[in-house]
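The values are calculated or read from the model by the stated rules, or taken from the named source; none is laboratory data. Just so it is clear, the structure is predicted and the values come from calculations on it, not from any experiment. Heads up, the Cβs are rebuilt from the backbone with ideal geometry, glycines too, and the neighbour counts pull from every protein chain shown. In case anyone asks, the SASA skips ligands and DNA or RNA and just uses the protein heavy atoms, side chains included. Shrake-Rupley method; radii C 1.70, N 1.55, O 1.52, S 1.80 Å.
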Amino acid sequence: MSVQSDDMDSAWAEAGRARANLVSAGARPAEPAAVPLLNIANILTVLRIFIVPVFLLALFAAGGHDTVWRIAAAALFGIAAVTDRIDGQLARKYGLVTDFGKLADPIADKALIGAALIGLSALGDLAWWITLVICAREIGVTLLRLAVVRRGVIPAGRGGKLKTLVQSLAIGVMLLPLSGGFETAGLLLMYVAVVLTVVTGLDYVVQAARLRFGPVRRS
């Protein structure tokens, strides 16, 4: 799920002010209520993971270029992409953020995007170099986050969110059985997605280097 940094900053600021007020009043802060693992946000995340193999079956059905099955595959991809937006909003709005969700959500996102790109390339509808560039970037950013996690967290920026949006739109268009100008539009969107993928990936490298070689942040 995508996390909006402004909302998170406001939430942390409010929490900090609340704790300060409690301490100044001599009161002991209440323990936060445990978030149930089985909640709507996590259910949507798991549903997205289960959609991935069904999506692939639809994509490769009848040779991979049957009109009805391609529309079905595009619909499944669209449903999964929408749940990515919804589960994040629900988790933030109703306080349903869990460690499981933090782990499963990016896995679901990468599985969906990766499966779609590899599937399109295997069918000859998308150049393999595009798939390799995007997948390599996603894996590389994940490894960068893990490498510097002890020194700080690399937040998801607006560029990364725009990249994900353009990727999803490009994949959705390319999944549909279109031709002519619409097919060209899908390919152009994919080229834009590749540019955003590379640019935002380089930004993550810069942020990771600053965390790795900069002063240690102390709480």
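Numbers below:
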read-out	value
Verdict on residue 85 being surrounded by fewer than 16 Cβ atoms within 10 Å (Cβ to Cβ), basic (Lys, Arg) and part of a helix (DSSP H, G or I)	yes
Pairs, first open to solvent by 70 Å² or more (accessible area, probe 1.4 Å) in the range 97-108, second not in a helix (DSSP H, G or I), C-beta under 6 Å, six or more apart	100/37
Test: residue in the range 109-123 that is out of contact with any Pro (no Cβ under 8 Å at 6 or more places or on another chain), within 16 Å of residue 199 (Cα to Cα) and of a type in the set (Gly, Ala, Ser)	no
